[in-house]
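J.: Dropping the structure in here first, questions after.
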Amino acid sequence: MIALALSAPKKFEFIEQDEPSLLKSGEALVQVYAVGVCGTDVSGYLGKMPFIQYPRILGHELGVEVLAVGDAVKNIKTGDRCSVEPYLNCGSCPTCLLGKTNCCEKLEVIGVHRDGGLRPRIVLPAHKLHPSNDLKYDQLALVETLAIGCHAVDRGAPEVGDNVLIIGAGPIGLSVLEFARLTGANVFVVEPNKGRRDFVKNTYGIKEVHAALEPAAFADLTDGKLAHVVFDATGNAGCMARSFEFAAFGGRVVYVGITTEPVPLNDPLFHRRELTLLASRNAVAADFTRIIGLIREGTINTQAWITHRLKFPEIPQSFPGLLEPGSGVVKAVIEMS
């Protein structure tokens with residue numbers, strides 16, 4: 001079969017691979033139909049993702065069909081449409097035993113640490129497949145992105161009437177927005193890109209969407225209360241450092257985006273306000289189950305997200321266009337067939 005590998009930064013190559021071999025107990029063979037393009041994929045393409053070693057087959061946001069299952073598989077059957085939970089945890093380290101499978105000490109993510117879904121067929125652990133036969137493949141491919149926001153909002157735990165500030169409205173920030181709005185909090189968004197600001201206003205009806213915001217101006221908007229929870233989805237060290245300035249006394253700051261650069265911490269401010277700093281990494285299985293239900297009932301509409309569709313054979317030529325400033329991309333989905 002033909003797979004697409006990122007052989008070096010900015011260099012895609014089609015390669016020939018053997019078909020997957022016999023299934024082991026607990027495994028499933030799946031056909032890949034839809035692949036969401038993530039910021040991780042873009043970083044890998046640009047050579048800025050430290051966890052990707054080349055060559056690597058990208059693709060961890062997947063909508064798939066089950067072609068065959070190995071022994072002892074009970075949660076899925078042949079023909080099921082599934083979303084893929086791409087976090088391969090060991091199941092035996094102290095972190096896994098605590099139920100925190102999203103930050104397993106030996107965690108590997110398909111499409112990052114291991115080859116991913118930019119190929120027709122792939123073998124996966126069956127328990128990492130979440131079936132929903134009434135959803136489309138592109139809907140199933142977006143479940144993983146949404147799961148990042150779901151887990152982050154659980155970490156920050158905003159309540160009804162709280163002020164929530166989301167800094168950055170790329171796909172990760174939007175996934176946070178999806179779940180922050182469900183808590184009944186008052187949501188404020190900062191995003192310099194006009195197209196994304198318009199998307200937030202038009203899709204979600206959020207009124208307080210700003211290109212830039214200073215703490216004093218935010219204090220005026222909130223009657224001096226500031227934010228009970230701040231979510232930083234920028235992955236920018238400078239923005240992450242300043243996020244504390246927007247947090248209320250006793251508030252919480254959640255880092256959803258990630259950076260390889262050191263983030264300076266204003267300790268007097270941090271201590272004076274007795275802030276809580278939280279990291280949010282990946283998601284857990286229960287998030288996938290919840291999100292599939294929310295899409296099914298219409299609470300979440302993934303179709304509004306998908307602004308670009310790419311054909312698998314055209315990726316080497318069309319992928320660079322997604323990175324252009326005027327592309328207008330909110331979310332791109334690769335159609336495998």
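We did not get these values from a lab; they are worked out from the coordinates using the rules stated. What you see is a predicted model; the values in this text were computed from it and never measured. Cβ: placed from backbone, ideal geometry, glycine included. Neighbour counts: every protein chain shown.
J.: Output wanted: per-residue J couplings in Hz (rounded whole) for the range 326-334, from phi through Karplus 6.51 cos²θ - 1.76 cosθ + 1.60, θ = phi - 60°, x for Gly and Pro.
T.: Those phi angles translate into x, 5, x, 6, 9, 8, 10, 10, 8 Hz.
J.: Amide H neighbours of Lys106 under 5 Å, counting only residues 5+ apart in sequence or on other chains, H built in-plane at 1.01 Å?
T.: Under 5 Å from the amide H of Lys106 lie the amide H atoms of Cys90, each far enough along the sequence or on another chain.
J.: Still on this structure, please answer the following. Assuming R0 = 30 Å, can you tell me the calculated FRET efficiency for the pair Arg309 and Lys207, based on Cβ-Cβ distance, to the nearest 0.05?
T.: 0.45
J.: Evaluate the charge dipole of the chain about its Cα centre and quote only its size in Debye, nearest 20, assuming +1 on the Cβ of each Lys and Arg and -1 on the Cβ of each Asp and Glu.
T.: 40 debye
J.: Now a separate question. Using the 10 angstrom Cβ neighbour count as an exposure proxy, how do Tyr54, Tyr87, Tyr204 rank, fewest first?
T.: In increasing order of surrounding Cβ atoms, one gets Tyr54, Tyr204, Tyr87.
J.: Under 5 Å between amide hydrogens, which residues at least 5 positions from Asn163 or on another chain qualify, with H placed 1.01 Å from N in the peptide plane?
T.: Hits under the 5 Å cutoff: Asn186, His228, Val229.
J.: When the Karplus curve 6.51 cos²θ - 1.76 cosθ + 1.60 is applied with θ = phi - 60°, which whole-Hz ³J(HN,Hα) does each residue of the range 179-189 get, with x for Gly and Pro?
T.: Computed from phi, the couplings for the range 179-189 are 8, 4, 5, 6, 7, x, 7, 8, 9, 10, 10 Hz.
J.: Got a sec to turn the phi values of the range 69-86 into Karplus ³J(HN,Hα) couplings, 6.51 cos²θ - 1.76 cosθ + 1.60 with θ = phi - 60°, whole Hz, x for Gly and Pro?
T.: Each residue of the range 69-86 in turn: 10, x, 5, 6, 8, 10, 7, 9, 9, 4, x, 5, 8, 9, 8, 10, 8, x Hz.
J.: Would you order Phe319, Phe179 from fewest to most other beta-carbon atoms within 10 Å of each residue's own beta-carbon?
T.: Phe319, Phe179
J.: What pairs from Lys48/Lys100; Lys48/Lys136; Lys11/Lys128; Lys10/Lys106; Lys77/Lys136; Lys11/Lys48 go past 25 Å between their alpha carbons?
T.: Lys48/Lys100; Lys48/Lys136; Lys11/Lys128; Lys10/Lys106
J.: For Leu278, what charge total do you get from the other residues with a beta carbon under 12 Å from its beta carbon, if Lys and Arg give +1 and Asp and Glu give -1?
T.: Around Leu278, the charge tally is +1.
J.: Sticking with this one: Can you give me the long-range amide H partners of His210? Hydrogens built in the peptide plane at 1.01 Å from N, cutoff under 5 Å, separation of 5 or more residues or another chain.
T.: For His210, the qualifying residues are Val189, Val190, Glu191.
J.: Quote the charge dipole size of the range 148-279 about the Cα centre in Debye, to the nearest 20; the model charges only the Cβ of Lys and Arg (+1) and of Asp and Glu (-1).
T.: Using only the charged Cβ atoms, the result is roughly 200 debye.
J.: Please go through the range 1-65 and write out the trypsin sites (Lys or Arg not before Pro) that DSSP classes as loop and that have at most 14 other C-beta atoms within 10 Å.
T.: Here the sparse-neighbourhood loop sites are Lys10, Lys24, Lys48.
J.: Taking K and R as +1 and D and E as -1, what net charge do the other residues with C-beta under 14 Å from the C-beta of Gly293 add up to?
T.: Local charge sum for Gly293: -2.
J.: If you don't mind, there's one more thing I want to ask. With +1 on the Cβ of every Lys and Arg and -1 on the Cβ of every Asp and Glu, and nothing else charged, how large is the dipole of the range 65-166 about its Cα centre, in debye rounded to the nearest 20?
T.: Around 340 debye, computed over the range 65-166.
J.: Excluding residues fewer than 8 places away in the same chain, name every one of the aspartates and glutamates whose C-alpha is closer than 12 Å to that of Lys201.
T.: The qualifying aspartates and glutamates are Glu191.
J.: Once you put a point 7 Å from the Cα of Ala237 and another 7 Å from the Cα of Ser25, both along the Cβ direction, what distance in nm separates them?
T.: Placing both labels 7 Å along Cα→Cβ, they lie 4.9 nm apart.
J.: Let me ask something else. Can you give the net charge of the other residues whose Cβ lies under 14 Å from the Cβ of Tyr54, counting K and R as +1 and D and E as -1?
T.: Spelling it out: positives minus negatives among the neighbours equals +2.
J.: Listing Ser175, Ser43, Ser7 from the residue with the fewest other Cβ atoms within 10 Å to the one with the most, what is the order?
T.: Ser7, Ser43, Ser175
J.: Could you please state, rounded to a whole Å, how far the C-alpha centre of the range 183-249 is from the C-alpha centre of the range 253-283?
T.: What the calculation gives is 16 Å, centre to centre.
J.: So how tilted is helix 143-156 from the main axis of the chain? Cα-based, degrees 0 to 90, rounded to 10.
T.: 30 degrees
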